[in-house]
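Report on the following structure.
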Amino acid sequence: MAEFTLRLRRYDPESGQPPYWAEYTVDLEPHRSVLEGILQAKANEDGSIGIRCSCRAAICGSCGVMINGRAGLACHTHLDEALLGGRDGVIEVEPFNNMPVIKDLIVDMDAVHWKKIKRVTPWLIHKEPVPEREYIVPHENMVDVTQSMACIQCGACVASCLSMEVDPLFVGPAALAKSYRFVGDPRDAQQYERLKDLAEDPHGMYDCTHCFNCIEACPKGVAPMNQIMRLRRISGNDHHIVDRNNGDRHERAFVTLIRGYGLLHEAELLPRSYGGDSWFGKFAPAAGQEMASSLPVVAKAVMRRKVSIKGAMLGHKIPKADLKDVRRIYDLVEGKDERNELNLYITGYDEDLDETPGVMAATGAGDGAAASAEQGQPGMDPEDSPTR
Amino acid sequence: MKVAYWPGCVSRGFTPELHGSMAKIAPLLDIELIELERGNCCGAGVIAEHSQELADTLNARTFALAQQTEATMMNICSTCQGSQTEAQERLDANAEYREQINATLEGGGLRYDKGKVVNKNLLWLLVEDIGLDEVKKRVKRPLTDLKVGPFYGCYIIRPTDRLGIDHDRPRDRYMHMLIEALGGTVIEYAGMHKCCGFPIITMNKEASLKQAGRHIGDAIDADADCLVTPCPLCHLNLDLQQPLAERVAGRDLGLPVLHLPQLLGLAFGLNEKELGLGRHVVKPTSVIDWSTAVVGGVAA
């Protein structure tokens, strides 16, 4: 047994009193969880501590909190591990960010998390005609969506989303990962409509800033940000959906500019992101408007010799032979019929597979992939079952 | 030590003072820069968003060039570090995938082999390979009383398992350690590990600038004299866009933002001109005042 000090953020909005910190000392073995620590404090010191929990085994997703500033499950974090991330020898526990507090460590999941989930039509809209018996789905397709199906709806990604912190209207990581679960499902009839909807929403899938915080926070390896990137890939490449926020234009301009220069030509990227992916993009009204609003910044950058007029016009290029090689790579890869994506959540690492007897050491979405995918979804929602 | 130096795009584009200051501090640290002039853009996560295979092949190409030098590869951009590490993780994880990528590279006479390329940001190299004691020995003008807020940039600190960050290798604290080694005071503030907002500057400008403005404001409230960042893209949002971030944040900001090599250069006794401090949008007046005050103090 060892003593641990928990510093909990206490707050009862109905009391009219401001939030405050309270410290509790608990006596538990170091490998026990932060949740057990909180429950011991609640049992021995103050029964009014508010915490939501149920399974205590990282399956129900109820006990999400911020531990030393990071979102996670209280039942899935060992006390000794939490102590390493704490300051002054104290484990600090707060309610989730980005959601209103109901009491102490309990947040209003309905107000944010579930509202966003409902926003993305989180059910299968089946294709017609309905088969007489079950739908037959190719194995690779089902394996592909298992990662997003591993979600236990704990909201840790939502609490850690840095884009939502400044834009509460952002659809957010959990809902977008959920959306991919259906966008990637061949039985769903509305792949295009779903993507179009997320592209039309000014706070939709192009609002993600690539901050990786959701990947870091997720206790189930769902990697919501990766699912968002897959939504964008299918939306832009397969359906050519142009979104309201310049997201697709920005991506296209970026990809084209690297083909043209081998390096990023920043001065061209900005106007093209607004005006369209060609040299003429800068003359489009949307680009003009943006350039005008950025004029004070641009003028200052030129004045300070941060950017030269010549540099802004010509950009910088890699040597000719190398540029030719880059273009050759572009042509080869872009010319392929099938998208070649490696998802390490599904395939694992060569070494891992080698060490696991009985699991196929081969790569790609083969039988080995299925084995590791099945291990990775203990919290699978029954309604998401691939055998449904 | 010799390094295969990958400067990235932005350090040679919109933040030329970064590339310039790196060139100035390298000899002082006995780093010999073998510049990978033939290398290409890392894709900054945007090419991967379009095609993972294209991004991985382009990065494998740069790795293959680094491999030929047989030196450690060094970058000076958090975003390059993150994008390249992501590509390298996939290349190293799966032999079949690696061979598919190599088949594409072959036409250009290049090949990437697992285990031959170690790619480290300057920050990691300083702490892990050169050592902070060695860095300290080169300090001519300790950053005494300079209050520096570290701004890491997402790509160099997350995901922690991919980037090899743990309690034994706290790469998300290295800037803290470095600032202290240079004699400065570390200012901790809410935004130091958060996102600068730059990736969505063209998609949702207000949210993007709000992020930058909030972090700068937090650092000012925590009494920072300046920020320092190992990421030129963060620098664009925090410095170049700061006048616009000011408007969105609804408060005066005016906090100088330094590139990592510039901070080192100041401590090594280089002057503001050599480090290109005059090229910033937010004039680093407080930092320059500090440096002249210290020099004055030494003279007296």
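Each value in this text was obtained by applying a stated rule to the coordinates, not by laboratory testing. This structure is a prediction, so every number in the text was calculated from the model and none was measured. Note that each Cβ is placed from the backbone with ideal geometry, even for glycine, and that neighbours are counted across all protein chains shown.
Can you tell me the dipole magnitude for the stretch B:1-88 around its Cα centre, using point charges on the Cβ only (Lys, Arg +1; Asp, Glu -1), in Debye to the nearest 20? Walk me through the numbers before you get to the answer.
Working: 5 positive and 10 negative charges, 36 e Å.
Its charge dipole is roughly 180 debye.
Among A:204, A:260, A:16, the largest mean-square fluctuation in a Gaussian network model of chain A (Cα springs under 10 Å) belongs to A:16. Rounded to 0.05, the FRET efficiency of the residue B:168 and residue A:280 pair, given R0 = 60 Å and the Cβ-Cβ distance, is 0.65. Sparsely packed loop sites in the stretch A:36-141 (the GluC sites (Glu not before Pro) outside DSSP H, G, I, E and B with at most 11 other Cβ atoms within 10 Å) comprise A:132, A:134. Against chain A, whose longest principal axis is taken from its Cα atoms, helix A:139-149 shows a tilt of about 60°. Ordering B:95, B:139, B:117 by Cα displacement along the dipole of the stretch B:89-156 toward the positive end leaves B:139 in first place; charges were set at the Cβ atoms of Lys, Arg (+1) and Asp, Glu (-1).
Net charge of the neighbourhood of residue B:39, taken over other residues with C-beta under 9 Å away and scored Lys/Arg +1, Asp/Glu -1, is -1.
What is the average number of partner chain Cβ atoms found within 10 Å of a Cβ in B:36-47? Don't jump to the answer; show the numbers that get you there.
Details: counts 1, 3, 8, 4, 12, 10, 2, 4, 4, 6, 13, 6.
That average works out to 6.
With neighbours defined as other Cβ atoms within 10 Å of a residue's Cβ, the residues A:283, A:170 order from fewest to most as A:283, A:170. Proximity of backbone amide H atoms, modeled 1.01 Å from N, is registered between residue A:102 and A:107, A:108 at under 5 Å, excluding neighbours fewer than 5 places apart on the same chain. By the rule of a C-alpha distance below 17 Å, with chain neighbours fewer than 8 residues away ignored, the aspartates and glutamates paired with residue B:210 are A:165, A:167, A:207, B:218, B:221, B:239, B:246, B:252. For chain B, the alpha carbon convex hull comes to 119 Å³ per residue, rounded to a whole number.
Of the trypsin sites (Lys or Arg not before Pro) in the stretch B:109-183, the ones in a loop by DSSP (not H, G, I, E or B) with at most 11 other beta carbons within 10 Å are B:140.
Of interest is the spacing of the C-alpha centroids, which for the stretch A:157-217 and the stretch A:67-114 amounts to 23 Å.
Placing +1 on each Lys and Arg Cβ and -1 on each Asp and Glu Cβ, with no other charges, gives the stretch B:212-300 a dipole about its Cα centre of roughly 240 debye. Quick one: net charge around residue A:165, please, counting Lys, Arg +1 and Asp, Glu -1 for every other residue with C-beta under 11 Å from its C-beta. Local net charge: +2.
Compared with the dominant principal axis of the Cα atoms in chain A, helix A:266-275 is inclined by about 90°.
Scanning chain A for cysteines with no neighbouring cysteine C-beta under 4.7 angstrom from their C-beta gives A:75, A:151, A:154, A:161, A:208, A:218. The angle separating the long axis of helix A:247-261 from the principal Cα axis of greatest extent in chain A is about 50 degrees.
Considering every Cα-Cα pair within the protein assembly as shown, what fraction, in whole percent, is farther apart than 32 Å?
Details: 124126 of 236328 pairs.
That fraction is 53 percent.
This model, with +1 at the C-beta of Lys and Arg and -1 at the C-beta of Asp and Glu, gives the stretch A:2-107 a dipole about its Cα centre of some 380 debye.
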